[in-house]
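To keep things clear, I will list the structure first and then write my remarks on it.
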Amino acid sequence: MSSVERMPHILCAGIIVLDEVFRVDDFPQPDGKVQAKGFFVVNGGCAANAAVAIARLGGHAALAGPMGGPAGEDENGDRVLKALARENVDCRACQRIDGLGTALSAIFMNARGDRTIVTYRDERIAAATPPDPDRVVAAADAVLADNRYPQFVQPICEAARRRKIPVVLDGDRPTVEDDPLFRIASHVVFSWECLRETTAVADLAEGLLRISGKTDAFLAVSNGPDDIVYLDRGKVRRLPVFKIAAVDTLGAGDAFHGGFAMALAEGRNEVEAMRFGAAVAGIKCTRIGGSAGAPTRAEVEAFLAQNEAGRPQSRAEGASPSSAQGVG
């Protein structure tokens with residue numbers, strides 16, 4: 001994919017977290033102890049990770065989400081905002097709430113790149129709403145929202161739809177099939193865990209078809225190293241992802257969403273946008289560091305050029321697999 005003259009403005013809305021990451025050979029067993037082989041602290045949360053990915057790709061990334069405060073008293077929030085500033089993410093729409101703490105995650109990542117995450121957040125933060133959603137989206141070419149703080153992101157998504165710009169929803173938190181965010185969004189991309197828990201259906205294609213009765217949005221679901229499943233005019237199709245050697249999957253889904261939203265805002269169709277997002281996520285998985293491993297635009301373009309001969313091709317449900325196999 002070639003560079004574009006004007007990089008889009010993408011607003012990411014949702015959860016912001018400080019991640020403390022422990023690298024271990026194997027996950028601890030109940031009542032057991034393990035020695036960490038490494039440790040690092042990085043900004044996290046779906047929206048914040050996606051904003052970093054977009055900024056690394058050269059886009060104008062803005063972030064809106066509720067956090068603890070005030071500045072100087074909520075140290076976790078202060079650290080996250082300093083790290084995001086270094087990544088050139090515009091955080092002016094982040095809302096700090098006095099007396100509360102910014103969410104914190106303890107993450108254990110094993111030698112295979114798998115992770116176990118424990119997150120603490122003050123549930124009072126979830127009640128926050130943006131004071132002026134129309135102003136927040138005024139400069140955006142697209143909005144990418146996760147559903148961790150629905151009361152905060154819904155007014156922002158509604159304001160974006162009034163402007164007739166793409167609204168990509170990261171279906172990360174299990175919810176209900178008739179969630180209003182599904183109807184508001186123009187595009188919904190689920191994690192496989194969220195889709196299965198939301199629909200109580202194990203088959204991802206069937207889960208998407210169930211959701212399709214509630215919304216006109218484009219629907220897809222990522223599935224780790226397996227194919228992305230999506231609907232095309234009511235038909236189930238699959239898009240293989242790229243074959244890579246994963247060492248750290250932390251933030252990979254968020255990187256995918258960031259790349260997907262960026263490509264949509266540049267005018268690419270959904271299949272090309274998913275392919276671009278899969279490349280962003282794939283490269284990220286080859287690097288340790290969570291969101292800090294997000295690639296640059298030049299790295300993604302080089303990766304796509306190298307993989308052009310075996311590029312993943314979309315196929316209908318039940319068709320023979322393409323020659324490209326993937327690890328996302």
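Values quoted throughout were computed directly from the atomic coordinates according to the rules given, and no laboratory measurement underlies them. Nothing here was measured: the structure is a model prediction, and the numbers come from that model. We place every Cβ from the backbone using ideal geometry, glycine too, and count neighbours over all the protein chains shown.
A few comments on the model shown:
- Kirkwood Rh (inverse of mean 1/r, distinct Cα pairs), segment 204-289, angstrom: 13.3 Å
- Reducing segment 220-283 and segment 20-76 to their Cα centroids gives an inter-centroid distance of 22 Å.
- Volume of the Cα convex hull of segment 1-74, divided per residue and given in Å³: 172 Å³
- In this structure, the amide hydrogen of F242, modeled 1.01 Å from its nitrogen in the peptide plane, lies closer than 5 angstrom to those of V327, counting only residues at least 5 positions away or on a different chain.
- Alpha-carbon Rg with Dmax, taken over segment 1-132, Å: 16.5, 56
- Whole-number percent relative contact order across the chain, with pairs defined as alpha carbons under 8 Å at least 6 apart: 17 percent
- J(HN,Hα) series, segment 273-285, from Karplus relation 6.51 cos²θ - 1.76 cosθ + 1.60, nearest Hz, glycine and proline x: 5, 5, 5, 4, x, 5, 5, 4, 5, x, 4, 4, 5
- Calculated FRET efficiency, D25 to D134, Cβ-Cβ distance, R0 = 51 Å: about 0.50 to the nearest 0.05.
- Separation in nanometres of the label points that stand 7 Å from Cα toward Cβ, at K164 and R183: 2.2 nm
- Segment 253-279 residues near the modelled E299 label - backbone nitrogen below 20 Å, point 7 Å along Cα→Cβ: 253-263, 274-279
- For A13, the residues whose amide H sits under 5 Å from its own are A64, L144, A145, D146, ignoring neighbours fewer than 5 places away on the same chain, with H placed 1.01 Å from N.
- Once the chain from A85 to A126 is taken as fully extended at 0.36 nm per residue, the excess over their C-alpha distance is 12.4 nm.
- Based on alpha carbons, the Rg and Dmax found for segment 176-233 are 10.2, 30 Å.
- Rotationally averaged projected area of segment 64-192 (alpha carbon convex hull; nm²): 9.1 nm²
- ³J(HN,Hα), Karplus 6.51/-1.76/1.60, whole Hz, each residue of segment 34-40, x for Gly, Pro: 9, 9, 6, 8, x, 8, 8
- Environment charge at A47 (Cβ cut-off 11 Å; Lys +1, Arg +1, Asp -1, Glu -1): -3
- From the C-alpha gyration tensor of the chain, square roots of 5λ in Å: 27, 24, 20
- Working ranking of peptides 91-103, 37-49 by packing, defined as the average number of other Cβ atoms within 10 Å per residue, highest first, is 37-49, 91-103.
- Compactness check for segment 154-263: Cα Rg over 2.2 N^0.38 Å is 1.05.
- Chain lengthening between D98 and I117 when straightened (0.36 nm per residue, less Cα-Cα): 4.2 nm
- Computed extension gain for Q151 through A106, at 0.36 nm per residue and net of the alpha carbon distance, reaches 13.7 nm.
- The amide H of G171, built 1.01 Å from its N in the peptide plane, has V189, F190, S191 as neighbours under 5 Å, considering only residues 5 or more places off or on other chains.
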